[in-house]
Amino acid sequence: MIKKEMIAMLLAGGQGSRLGVLTSNLAKPAVTFGGKYRIIDFPLSNCINSGIDTVGVLTQYQPLRLNTHIGIGIPWDLDRNIGGVSILPPYEKSQNSEWYTGTANAIYQNMKYMEYYNPEYVLILGGDHIYKMDYEAMLDFHKANQADITLATIPVPMEEASRFGVVITDSNKQILEFEEKPEVPRSNLASMGIYIFTWKVLKESLIALSEQKGCDFGKHVIPFCHERGDRVFAYEYNGYWKDVGTLGSYWESNMELIDLVPIFNLYEEFWKIYTKTDTIPPQYIADSAVIDRAIIGEGTNIYGEVYNSVIGTGVTIETGAVVRDSIIMKGTVIGEGALINKAILAEGVTVGSGAQLGIGEEIPNKTAPHIYSFGLVTVAEDTIIPSDVKIGKNTAIAGQTDFADYADGILPSGESLIKAGDRL
Amino acid sequence: MIKKEMIAMLLAGGQGSRLGVLTSNLAKPAVTFGGKYRIIDFPLSNCINSGIDTVGVLTQYQPLRLNTHIGIGIPWDLDRNIGGVSILPPYEKSQNSEWYTGTANAIYQNMKYMEYYNPEYVLILGGDHIYKMDYEAMLDFHKANQADITLATIPVPMEEASRFGVVITDSNKQILEFEEKPEVPRSNLASMGIYIFTWKVLKESLIALSEQKGCDFGKHVIPFCHERGDRVFAYEYNGYWKDVGTLGSYWESNMELIDLVPIFNLYEEFWKIYTKTDTIPPQYIADSAVIDRAIIGEGTNIYGEVYNSVIGTGVTIETGAVVRDSIIMKGTVIGEGALINKAILAEGVTVGSGAQLGIGEEIPNKTAPHIYSFGLVTVAEDTIIPSDVKIGKNTAIAGQTDFADYADGILPSGESLIKAGDRL
Amino acid sequence: MRAVGIILAGGHNNKMRELSNKRAIAAMPIAGSFRAIDFALSNMTNSHIQKVAVITQYNSKSLNEHLNSSKWWDFGRKQGGLFVFTPTITPENSYWYRGTADSMYQNISFLKNSHEPYVVIASGDCVYKLDYNKVLEYHIDKKADITVVCSKVPKGEEPNRFGILNKDEDNRILSIDEKPIEAYGELISTGVYIIRRRLLIELLRKANEEERYDFVKDILVRHSQVKQIYAYEIDTYWSNIATAEAYYKTNMDFLKKEIRDYFFHEYPDIYSKIDDYPPAKYNQGAAVRNSLISSGCIINGTIENSILFKKVYVGNNCTIKNSIILNDVYIGDNTYIENCIVESRDTIRANTTHIGEDGEVRIVVEKNDRYLI
Amino acid sequence: MRAVGIILAGGHNNKMRELSNKRAIAAMPIAGSFRAIDFALSNMTNSHIQKVAVITQYNSKSLNEHLNSSKWWDFGRKQGGLFVFTPTITPENSYWYRGTADSMYQNISFLKNSHEPYVVIASGDCVYKLDYNKVLEYHIDKKADITVVCSKVPKGEEPNRFGILNKDEDNRILSIDEKPIEAYGELISTGVYIIRRRLLIELLRKANEEERYDFVKDILVRHSQVKQIYAYEIDTYWSNIATAEAYYKTNMDFLKKEIRDYFFHEYPDIYSKIDDYPPAKYNQGAAVRNSLISSGCIINGTIENSILFKKVYVGNNCTIKNSIILNDVYIGDNTYIENCIVESRDTIRANTTHIGEDGEVRIVVEKNDRYLI
């Protein structure tokens, strides 16, 4: 007889389109973070550190990188005989076959998976945030309140509360009202999109709402349960919690890791963040290298200069190259004498020698100003940037570009250069 | 650097509709076989026994049972850090998102998975047959012939050859011609639907045929390669190979296992068939039991009589019940005094006391005579059959039926009783 | 869970007769598909103890093989795991384990590097189900230094091969008679103890300084006056298999429906390593009554009131009565076996008779050449 | 592959000085992220040998922990696997391993139960890459009884801590001088042997009967006249780390680009157990030149021509030159370290100086209380 007290369902299906070209080939939870991690490592590690050994990961958009990364869950100790991590993509049924149409719909379609483990509680997680949280403490809170649903919430500054969904509670933390992005917020407790459901309640409400189009937890399930009188509570979390949904917040939270005493400490022993590492050898820092405030991954070779940057695994920075205020992901090569200034370079990028990225003045991006801003240069994975070109700020580059793609060898600030290739 | 000499791609997406109600809730490769196995155990075990430790399983139709069964591959030793077994369902892409439309199309959509392992050869397998085969011997043959493609073939009786796709070869086993179900066969070498491709050839031809609708290996890829002059060879296999695509052949091959010296020997030490077992305890045979020629799985309790039958794990056969010439799958309960005659009872069926299955004369099934024939009673999983009803031959029953569903307590031969339930 | 586990699986014993020539007692097969240590291991994992050390020394190969993956008992690695400790030579020490206390002392780093406040010590040769959390609650409640789980003497057992406990009304243990010549009292220690981790480290260190090496004799008995030692009594099934007779009886108990139901069907499950054998096969001529048959068996003869472990072949016209046939045994045609324990991997010649007489169980060890099947 | 593998990892050695107090030589950390045994294990798996026994005895805890999952080296379980053999007491035997041959003899069931025709024996304390299949082809080609893989004496090494081989033009070995006082010849045994499985079983049994326990002295040397023993010479990088000086030199070799490229970037890879440390962090004040830095390090000072293993903390204003800092070392502010090997888990007090003088490498073992970081 299989019985798990609490299982987790991790929603990892979203594209995260506000990360621009970073997610054109992979789902947002698969984006790398902090030199060697991927965003999904944080909720997965939180699970195993909280004693949850059964996690269903719901995927939909471009799941290959995620599948390869998670594999059978070895790094997170989730390779189990009973439970462990399971990837749950949409599937064909004998009557209707459909993609996941909403967060709750995705969970609904995997009802049998949950039933197999016969849980008492189900934890619903997203794959979009960087944080360390003890879900067991939240479960204790849920049990102590005999709650049907517990929402994790975080206090935000009152003046920012109108950007969030906030909850109004009584003194026992039972939720009285929800407000979605209120103009005049009456509370600063913002929902984190993390829920514990008593299994029976979740099952009933999903079945009751099974005809709801695009069924979503925040929009449909929680209000439905609240209205019918279920006990819904707010658990207050007070640690580091960072949304990395925009290029700006993604860049910022990476840079925060470099601070001498980081707010969010990866070096902490007792709440480790696990990840899959292919690269075992140490990094080599050459005689010619200068490194001032940086985080650097395994197997990287540094011959040039690095200032205030996060460098992934297996990166090569050649002699004379200067990298400043940038994020360089796994396997990228920076040619001799190249200059990288406030840029995000995705995995497997090649920058030719003498190229200069992030120069000139700041001009809003012409095609997607809401995505490519913050003065950043954003380079998609496997992009090739030829030698000696100059690239301005608020720019995006993707594809195997050559010198002819740059008028006068220049991509001015605010421009995008997206070159579709024959990549399989 | 990851490098695998040969990886396997196992096509496990099909419904197998000729198995009738047995596959209404699960894909054909997940159907149980021989008391404790599922059909997919045979190709999976063949892989690990042949030294192939990287297997992609392509699923589409109702994959949950298959996912749960395969898990992370522990029983087959396919829980690996690099490689192992991966479930590959269809996924959403940034441009077009589609289900698998054909065998080759399914492989095409997983090109990146294969590329990750950097193989020299790719083995294409189905999940529809019961057999033991050393794919390594086939690979040796492929290499020795410097073949681009090798098809596994089996000699069939000449008079039956017209039911198969046959190949005509020269004396070196190089294939000269293909014939699909020829009226006057010129060869008795039938293709088994098992292919070894040199990776480069597979990749090129899949890209070349990427626009082909419903792209299929037998219909499109192999003819395409053959026509352009690739070296295509026929490897001859001479062991037990049984299609279990119809209820009749499925029943027959189960019954063959009971023979004193079975043609297909599961008790062989050196080519073990592995499977996932939840049930550990031994079976208990009571004082009142009679067992004459049977195969019985773990944890089963037998108080009644069993003749010439295959009984799965965790089955209960109560006192006075008589089971003859039948297949009883996992977790099924046969009530006191019930009579089961030439029936296939899927997983989790409950037969009430005194019920009689498979009596009366043989009349063709009225709704699906091509499916429900051979005189069999076929009962879908989790079906409930009430006490004291009588059920004829060539019948199918599904759902939680009660006595009122049976006119005069009888389901005559040739009838079907499919009762859709509120099962999630 | 707030405790780590230690399973003492090093022992061997002359009372097991020939059966202990091949393996540690904790590796003895039980009830067709299990090994003795599965019960302690499953109790640990079912009590959510995630970090368990198995200490083994004597003939440990077969045990090590059984434990080669922590997966079967659902132990993790990162937040705990299953550790198997065998003797090793260090600059400070080149002795084998000299007793149960010494075996723990030589692996004291396991205790030192843990942060859980309590330790559950269990022996690997008992068949039972127990939620150690309940014992721990009791331990905390009683403010005990050590809690000993105890049981009434199982029926038909001599009490004097056990430790006999005398306790007061409050369940505090007043004295412990380890294997007394004559036993006064019917309450015996089950070999399961709960103790605070730091106290255990201290007691082990002190015992080692004094060159005392046995946990029961040198620690438990010696401290019964000075420390608060409490008894936690269980009345569910409990059996120690460390004599050939007890081993036979414990196995035969599984032919009773209530024992089978308790261990096989009631939550929580007992886990074990999975072997890859096909289902059992009954050929023409097979006649089986009131018996447990395991996977991989092929049966052509008559079996009554017996337990067949995995992969036993029974030839034509054989009769097996009131016997235990351990795994991978080949029994030739026309053989008669009664009141026997047949050692694993035996090959019994055709046309032979093996009977344990005068109510005594006979242990059959026969290594003939095997016919290929 | 047609061979099983045996890795002899039981040894210890005074020439390792203080470094072998903590672990078997095969468990010594190498090149920032590896352990010595990773090289033999990776060679095995890269040669598609799927069944490997590691025999260990001395201070095996840290080695056992490293080997606790066969996953990292991609060994399976069903068609082989990674077996770790430690000493055990059986009815026939209660000795520790008395030598390399005895350690194999005590585990002879591993050899008997295998069906592969050949055995590759390797020692766990050498750094090299080798496709054992090539050696096996040569072995079969030569119709050899035993093939010994040999190498020229590495530069700067004394030949007389090795076995010196003398061979004829056909590469047949004429004599073997094991650790001679004076060495004639420059060809040394690398400790890698190929031998037919049945012959090994026979030789081990015979040696045991004669109470001889060492594979080289009692089997190889004694049979150099009677058996066909051939030498297979390699000219790629090979190094034995079994003295403190050789250990230091081997590590420092990895600061050379060609050595790094050979081991880190050329196919096939060397595998190791994955630890869960974050990337290295360079704070203000860090200045690193020509050094290898491993994951989990936090650097505030100056590092030159050095190798930092995992999770080393270097305080402000420190200078580390020509040194090896093993894993989990905390170095307090204003410390100066030159020509040293700093033992793992050390805590170096602030404002201290540690220099290995006169070209001698100093081994620093300091267990001070650690400041929390």
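The values are calculated or read from the model by the stated rules, or taken from the named source; none is laboratory data. Model, not experiment: these values are computed from the prediction. Methodologically, a virtual Cβ is constructed for each residue, glycine included, from the backbone with ideal geometry; neighbour enumeration extends over all protein chains shown.
Key figures for this structure:
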item: Options B:A368, B:A338, B:A294: the member that is modelled with pLDDT of 95 or more and over 30 Å from C:R35 (Cα atoms); result: B:A338
item: Residue match in the stretch A:12-32 (condition: within 14 Å of chain D (Cβ to nearest Cβ), buried (at least 24 other Cβ atoms within 10 Å of the Cβ) and not aromatic (F, W, Y)); result: yes
item: Residue count, the stretch C:71-104 (criterion: free of Cβ contacts under 8 Å to residues at least 60 places away in the same chain, within 14 Å of chain A (Cβ to nearest Cβ) and among the hydrophobic types (A, V, I, L, M, F, W, C)); result: 2
item: Residue in the stretch B:187-208 that is part of a helix (DSSP H, G or I), in contact with a helix residue (DSSP H, G or I) (Cβ under 8 Å, 6 or more places away or on another chain) and of a type in the set (S, T, Y) present; result: yes
item: Verdict on A:M138 being out of contact with any helix residue (DSSP H, G or I) (no Cβ under 7 Å at 6 or more places or on another chain) and at pLDDT 95 or above; result: yes
item: Residue within the stretch C:22-31 that is surrounded by fewer than 24 Cβ atoms within 10 Å (Cβ to Cβ) and either closer than 21 Å to C:I108 by Cβ or more than 14 Å from chain B (Cβ to nearest Cβ) (or both) present; result: yes
item: Search result, residues across the stretch D:146-156 that are surrounded by fewer than 17 Cβ atoms within 10 Å (Cβ to Cβ) and either among the hydroxyl-bearing types (S, T, Y) or touching a helix residue (DSSP H, G or I) at 6+ places or on another chain (Cβ under 8 Å) (or both); result: D:G156
item: Any hit, the stretch D:139-158, residues being at positive phi and among the small types (G, A, S); result: yes
item: Identity of the residue in the stretch D:172-182, out of contact with any Lys or Arg (no Cβ under 7 Å at 6 or more places or on another chain) and either in a helix (DSSP H, G or I) or not hydroxyl-bearing (S, T, Y) (or both), that ends up surrounded by the fewest Cβ atoms within 10 Å (Cβ to Cβ); result: D:I181
item: Every residue from the stretch A:147-167 that is at pLDDT below 95 and farther than 20 Å from A:G126 by Cα; result: A:P157, A:M158, A:E159, A:E160, A:A161, A:S162
item: Residues located in the stretch B:371-416, provided they are more than 22 Å from B:T23 (Cα to Cα), hydroxyl-bearing (S, T, Y) and surrounded by fewer than 20 Cβ atoms within 10 Å (Cβ to Cβ); result: B:S387
item: Qualifying residues in the stretch D:297-322 (those that are among the β-branched types (V, I, T) and assigned to a strand (DSSP E or B)) - the one surrounded by the most Cβ atoms within 10 Å (Cβ to Cβ); result: D:V314
item: Meets criteria (polar (S, T, N, Q) and either surrounded by fewer than 18 Cβ atoms within 10 Å (Cβ to Cβ) or in contact with a Leu (Cβ under 6 Å, 6 or more places away or on another chain) (or both)) for C:N327; result: no
item: Residues of the stretch A:211-235 that turn out to be over 21 Å from A:G14 (Cα atoms) and either more than 24 Å from the chain's Cα centre (by Cα) or surrounded by fewer than 14 Cβ atoms within 10 Å (Cβ to Cβ) (or both), as a count; result: 12
item: Positions within the stretch A:288-311 being at the interface with chain D (Cβ under 7 Å from one of its Cβ atoms) and β-branched (V, I, T), in sequence order; result: A:I291, A:I295, A:I296
item: Unmet criterion (only one of (1) within 27 Å of C:R2 (Cβ to Cβ); (2) within 24 Å of the chain's Cα centre (by Cα)) for C:K142; result: (2)
item: Qualifying strands (runs of 3 or more DSSP E) (wholly inside the stretch A:218-297; at least 1 residues being in contact (Cβ under 8 Å) with a residue 12 or more places away in the chain and over 29 Å from D:G285 (Cβ atoms)); result: A:232-236, A:241-243
item: Test: residue in the stretch B:309-321 that is without any contact (Cβ under 8 Å) to a residue 12 or more places away in the chain, touching a Lys or Arg at 6+ places or on another chain (Cβ under 9 Å) and closer than 27 Å to B:D128 by Cα; result: no
item: Which listed residue, of D:Y128, D:Y118, is of a type in the set (S, T, Y), within 12 Å of D:R2 (Cα to Cα) and either at pLDDT 95 or above or out of contact with any Gly (no Cβ under 8 Å at 6 or more places or on another chain) (or both); result: D:Y118
item: Enumeration of residues in the stretch D:134-161 that are under 22 Å from D:L204 (Cα atoms) and either among the small types (G, A, S) or in a loop (DSSP other than H, G, I, E, B) (or both); result: D:K143, D:A144, D:D145
item: Filter result for D:I341 (away from chain A (no Cβ under 14 Å), among the β-branched types (V, I, T), in contact with a strand residue (DSSP E or B) (Cβ under 7 Å, 6 or more places away or on another chain) and in contact (Cβ under 8 Å) with a residue 24 or more places away in the chain); result: yes
item: Condition check for D:G185: surrounded by fewer than 23 Cβ atoms within 10 Å (Cβ to Cβ), within 20 Å of the chain's Cα centre (by Cα) and part of a loop (DSSP other than H, G, I, E, B); result: no
item: Options C:N107, C:N43, C:N68: the member that is farther than 24 Å from C:T236 by Cβ, away from chain B (no Cβ under 14 Å) and among the polar types (S, T, N, Q); result: C:N107
item: Count of the stretch B:236-255 residues which are more than 19 Å from the chain's Cα centre (by Cα) and modelled with pLDDT under 90; result: 0
item: Residues located in the stretch B:316-333, provided they are more than 21 Å from B:G20 (Cβ to Cβ), of a type in the set (V, I, T) and crowded, with 22+ Cβ neighbours inside 10 Å; result: B:I317
item: Filter result for the condition that a residue is farther than 30 Å from B:G34 by Cα and either crowded, with 21+ Cβ neighbours inside 10 Å or over 24 Å from the mean Cα position of the chain (by Cα) (or both), over B:Y135, B:Y91; result: B:Y91
item: Search result, residues across the stretch C:284-308 that are farther than 16 Å from C:Y330 by Cα and more than 7 Å from chain B (Cβ to nearest Cβ); result: C:G285, C:A287, C:E304, C:N305
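For (1) facing chain C (nearest Cβ under 7 Å); (2) within 28 Å of A:N81 (Cβ to Cβ); (3) modelled with pLDDT of 80 or more; (4) touching a helix residue (DSSP H, G or I) at 6+ places or on another chain (Cβ under 7 Å), each residue gets a yes or a no:
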residue: B:L257; (1), (2), (3), (4): no, yes, yes, no
residue: B:L260; (1), (2), (3), (4): yes, no, no, no
residue: B:W271; (1), (2), (3), (4): no, yes, yes, yes
residue: B:K276; (1), (2), (3), (4): no, yes, yes, yes
residue: B:I280; (1), (2), (3), (4): yes, yes, yes, no
residue: B:A286; (1), (2), (3), (4): yes, no, yes, no
